[in-house]
Amino acid sequence: MRKFLDDLYTASGWLAGISMMGVLLMVLLTIFSRFFGFAAPGTDAYAGYAMAGAGFLALASTLKHGEHIRVTLILGMLKGKALKALEVTALSVATVLSGFLAFYACRLVWQSWEIEDISVGIDATPLWIPQILMAVGCVIFFIAFCDELVLELRGQRKPRSADAEGTPHE
């Protein structure tokens, strides 16, 4: 199960990177279309969809690598059971909130598909298509928080890494 989860987070990170390349391609296409005088309508919308997809797909990978911003002022003062209690509480709240986020992101995709919602731009893209990236990213983020909570409860959560100078990335 551990390998599957780690591969899921890695794949999500790679998909986020591919989405960022999609943003680059749309921007380049827009630049070249203006330079060479041909029409490329909708590229700004597709760049936006790819940017949103990149942001949401990167959430889980970033969390698992300990790169999300954390306020460690209180954590640095605590030790032992108090530290564990605060970590479990924070992870529990984050798990619940990310679960709501995943649920409502999936619900949004379903509703957009059900009412055949389309973008208002010239591209007229069915909105459920780009929204899938957001929903998938949110679901994987929720899974990552569940994973972190279980690891913390079992005492298997790795301490956050420090850089070469020994300062934490938090």
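The values are calculated or read from the model by the stated rules, or taken from the named source; none is laboratory data. Everything numeric here is computed off the predicted structure, so don't read it as measured data. Counting neighbours? That spans all protein chains shown, and the Cβs are built from the backbone with ideal geometry, glycine included. Surface accessibility is based on the protein's heavy atoms, side chains included, excluding ligands, DNA and RNA. Shrake-Rupley method; radii C 1.70, N 1.55, O 1.52, S 1.80 Å.
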Handout entry: For residue 118, residues with placed amide H under 5 Å, excluding near neighbours
Key = 127
Handout entry: Range of Cα positions in segment 1-101 per principal axis (Å), largest first
Key = 66, 32, 23
Problem - Projected-area average for segment 94-150 over all orientations - Cα convex hull basis, square nanometres - result: 3.9
Practice task
Can you grab the distance from the C-alpha centre of segment 1-68 to the C-alpha centre of segment 113-143, Å, no decimals?
Solution key: 14
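Counting only trypsin sites (Lys or Arg not before Pro) that are in a DSSP loop and have at most 10 other C-beta atoms within 10 Å, tell me the longest site-free stretch of the chain.
Numbers: sites that count: 79, 154.
Answer - 1-78.
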Fill in the blank from the handout: The Cα extents of the chain along the principal axes, largest first and rounded to whole Å, are 65, 42, 30
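Can you give me the accessible area per residue for segment 1-148, using a 1.4 Å probe, in Å²? Could you put the intermediate results ahead of the total?
On the way: 9190 Å² over 148 residues.
Counting only protein heavy atoms, the per-residue value for segment 1-148 is 62 Å².
Only loop residues by DSSP count here, and only those with at most 12 other Cβ atoms within 10 Å; note down the GluC sites (Glu not before Pro) in segment 91-150 that meet that.
Numbers: sites: 114, 116, 148; in loops: 116.
Filter output for segment 91-150: 116.
Could you sort 1, 134 by accessible area so the largest value comes first, with the probe set to 1.4 Å?
Numbers: 1 165, 134 45 Å².
I get 1, 134, largest accessible area first.
When the accessible area of the chain is computed with all protein chains present and a 1.4 Å probe, what percentage of it is carbon and sulfur?
73
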